[in-house]
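What follows is a set of notes on a single structure, which appears directly below.
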Amino acid sequence: MNNLFILVRAELAEALKEYKFIWLTLFFGTLGVTQPLINKYMDVILNHIGDTSGIVIDPNRQVPNATDVFLSTISGQFNQIGLIILIISFMGLIATDRNSGMQDFILTRPVSLYSYLYSKLIGHWLISMFSISVGVLVSYLYTVYLFGTFSFLKLLGFLVLYSLWILYLISLVILISTFVKNQILIAILTITFALFWIFTKNFSHALSQIVPAKILTLAEHQLLDLHELNYVSVFICLMLTVLNISWAGAKFNKF
């Protein structure tokens, strides 16, 4: 446990030296601001882009409520652009150590393989959730200011469940990194799998019950007064995360 703590602290220190906390937080903060501003000031934006012939805005359209705007930020910004940039940001979490020789250096010390793998998982989860939480909070404040309030406690419930999805994604990067050496290919494969799970949960109700991306639906439901908390989906997401790490460890042991 002490080795795990030391390795996690090293991951966080490395992220600080690479300014990852800063640029990733600024990125998600920008994403959090974008959607509320677009929804509020679309008319003004269109009036300033020049020729808008053919574009018709219904003057009687319903003004979206705060919850709808926030959900559109998550689904349209965080789960698309945000997901891609986040995966790119940690696509080298195993590959970089392997290429630099740091992995061999660490694993020849009295450090267990799983302490090393879980330090990667926990460290990058903390980095990711810090940046995402700031972005979510910025989006919440802008949405409340422009469109009206919704419960902060519901937001916290959303964030807890959303963090499980991020935990799964990092475990997926770790798993793929044990099979693939090229960082770009690692990112492409991880993004492909992540988007496939998201598509599957929206396309098939039956399959959605057993895919890790179901946790995203549960997270969104915390904001919609549906009071749905499917513990099976939570368990499946966590179980698949652990299985990814276990599979990665088994692959390491074959080297």
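The values are calculated or read from the model by the stated rules, or taken from the named source; none is laboratory data. Keep in mind that what you see is a predicted model, and the values were worked out from it rather than measured. Neighbour counts run over all protein chains shown; Cβ positions are idealised from the backbone, glycine included. Heads up: the accessible areas ignore ligands, DNA and RNA and are worked out on the full protein's heavy atoms, side chains in. Shrake-Rupley method; radii C 1.70, N 1.55, O 1.52, S 1.80 Å.
Below, the figures for the structure above:
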| quantity | calculated |
| --- | --- |
| Within-10-Å neighbourhood charge of R98 [Cβ basis; K, R +1; D, E -1] | -1 |
| Residue (of L218, V242, P64) at the positive-pole extreme of the chain, dipole from beta-carbon charges | V242 |
| Given 15 as the ceiling on other Cβ atoms within 10 Å, longest exposed-site-free region of the chain for GluC sites (Glu not before Pro) in DSSP loops | 19-227 |
| Residue pairs, from the table K17/K120; K20/K120; K201/K251, whose Cα atoms sit over 18 Å apart | K201/K251 |
| Of F5, L141, L172, farthest towards positive along the dipole that unit charges on Lys, Arg, Asp, Glu beta carbons give the chain | F5 |
| Estimated [θ] at 222 nm from DSSP helical runs (n ≥ 4, -39500 (n - 2.57)) normalised by residues in the chain, nearest 500 | -24500 deg cm²/dmol |
| Cα-based reach from K40 at 27 Å (exclusive), listing lysines while leaving out same-chain residues under 8 positions away | K154 |
| Charge sum, other residues only, whose C-beta stays under 14 Å from Q183's C-beta, Lys/Arg counted +1 and Asp/Glu -1 | +1 |
| Cα-centre dipole for the chain with unit charges at Cβ (Lys and Arg positive, Asp and Glu negative), debye to 20 | 760 |
| Relative contact order [Cα under 8 Å, 6+ residues apart], the chain, whole percent | 26 |
| Probe 1.4 Å, protein heavy atoms only - accessible area per residue of the chain in square angstrom | 52 |
| Separation between Cα centres of segment 131-162 and segment 198-219, rounded to whole Å | 22 |
| Share of carbon and sulfur in the accessible heavy-atom surface of the chain [1.4 Å probe, %] | 68 |
| Label zone at Q103 (point 7 Å along Cα-to-Cβ), backbone N below 16 Å, segment 139-174 | 171-174 |
| Longest DSSP-loop-exposure-free segment, trypsin sites (Lys or Arg not before Pro), the chain, at most 11 other Cβ within 10 Å | 62-253 |
| Positive dipole terminus of the chain, leading residue within A194, I122, L155 (C-beta point charges) | I122 |
| Radius 15 Å from Cβ of S151, net charge of other residues (Lys, Arg +1; Asp, Glu -1) | -2 |
| Estimated inter-spin distance, A13 and M239, nm [label 7 Å along Cα→Cβ] | 3.9 |
